[in-house]
1. Provide Val17, Val390 in ascending order of the number of other Cβ atoms located within 10 Å of each residue's Cβ, fewest first.
2. Mind giving me the nanometre distance, one decimal, between the label points for Arg337 and Cys269, set 7 Å out from Cα along Cα→Cβ?
3. What shape does segment 297-431 have by the C-alpha gyration tensor, where a ≥ b ≥ c are the square roots of the eigenvalues, rounded means a/c under 1.5, and otherwise prolate means a/b greater than b/c and oblate the rest?
4. Per residue, how big is the convex hull of segment 2-212 when only Cα atoms are used? Give it in Å³.
5. Need the full-extension length gain, Glu221 to Met109, defined as separation in residues times 0.36 nm minus the C-alpha distance. One decimal, nm.
6. In nanometres, what is the gap between the two model label sites at Ala398 and Ser355, each 7 Å from Cα along Cα-to-Cβ?
7. How big is segment 226-339 by the Kirkwood estimate over distinct Cα pairs, in Å?
8. Relative to the longest principal axis of the chain, what angle (0 to 90°, nearest 10) does the C-alpha long axis of helix 33-44 take?
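Read the figures in this text as sums done on the coordinates, not as results from a lab. Just so it is clear, the model here is predicted, and its values are computed rather than measured. Positions of Cβ are generated from backbone atoms using ideal geometry, with glycine treated the same way; all protein chains shown enter the neighbour counts.
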Amino acid sequence: MRELIESVCSGFTEFDVPLSESDVDGPIDWLGYGSALERAEERTGERESVICGAGKIGDVEATLIVFEFGFLGGSLGRRTGDRIEAAFTRARELRTPVVSLIATGGSRMQEGMAALSQLQRIARQAALTRAAGIPLLSVLRDPTTGGGWATLGAGADVVLALPGAQVGFAGSRVRPAGDASAYTAESQLASGHVDQIVEDLPGTLARWLTLLTNASGTAPEPPAALGTSNLPATSWDAVRAARAPDRPHADDYLDAYFDWRENISGDRCGGVDDGVRCGFGSRDGVTIAYAAQCGTATLPSGFRTAARLIRLADRLGIPVLTLVDTPGAANDGAAERAGAGAAIAEVFAAVAGASVPVTTLVIGEGGSGGALAFAAPGRTWVTPDSYFSVTSPEAATAILKRGPEEVPATANQLRLRPQDLVELGVAEGIV
């Protein structure tokens, strides 16, 4: 474990934490527990299952909570809780981000409920630290199960995982027989519970900490248009330009706008939308968060991921850029069962409630409420090859009981061109 600490940070100084005294065999008199603690200390050279201290990761001072799995399976007991609580307290005093390098089998059964109740203690400390505007990062090592996953792991702002790590609430000896692949870092990534699988841990941590600790209150400028500079003559021309397969999309804009960036992934509710790109990027040395639609119908998981990103950025004081490009929210039966309306409402609420500035650029299709949820009132710009509409021309035509041949005329009635949006006061200007 000491080698792991040295590999990710420099100048590590361990915190001196007074540990709770207990009877030889612990709070529930578990026969032989005292001897097991002594053997664990001899085997690992550590006094407990976690080491906590401060060091520099890249250029950022951080507080580290590092688990030693060799010490009783990295289990959580009362003295573990002492150390973790002290680490969070010091992080708030020092105003440093908290990085948890987790490898644990869960709560220490030899201490009974006294051990399990440490999860409440940890959750309280994490909540206080989040409220103080301090970022929390977790790294899931092998294994990360039980209460360690359900508090320090899954409860972090950004969740990273090492390849092949066992990750799940149930450990291998207590889970039902069946699909073991569900309990892997890769499966948790696919299900929206992990942000990234990490190969270069020191480098990735340094990048993330740089991004999350470099907030600027300045409103982001909208990106420059990457497509055509010609304004459409008609609204139907605007629709066709926005739907052109060769026009620039979200990744093109993000790559041109940021010097470098890191994505988050997943809604933490079991879903990932590949048509929504969220994360944090560095532009001219400052951090800007982004939530971008990629041209597809946005799923409930995409809206929830965007809301998660905006709320996190707001808590950390990081301004937000949103890119609008969707024919609309997914509205099939699966989307309704997944809570489409509630998910869209989350994004509307996140944008409306943000104390940091939010800037929006419409880069393609602006299809109804699923697009408007991403847009910032009073700070929305449009590109020449975009449109914004109350509904799609095809849907409007069907609602009005018109024939398909009337779609272009209906589009023109909707006044959805970029120049129309500026005239109507929906957009501030055309980039």
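1. Val390, Val17
2. The modelled label-to-label distance comes out at 1.5 nm.
3. In terms of gyration-tensor shape, oblate.
4. Numbers: hull volume 24.3 nm³, N = 211.
It is 115 Å³ per residue.
5. Result: 34.9 nm gained on full extension.
6. 4.4 nm
7. In segment 226-339 this quantity evaluates to 15.2 Å.
8. Between the helix axis and the principal axis of the chain, the angle is about 70 degrees.
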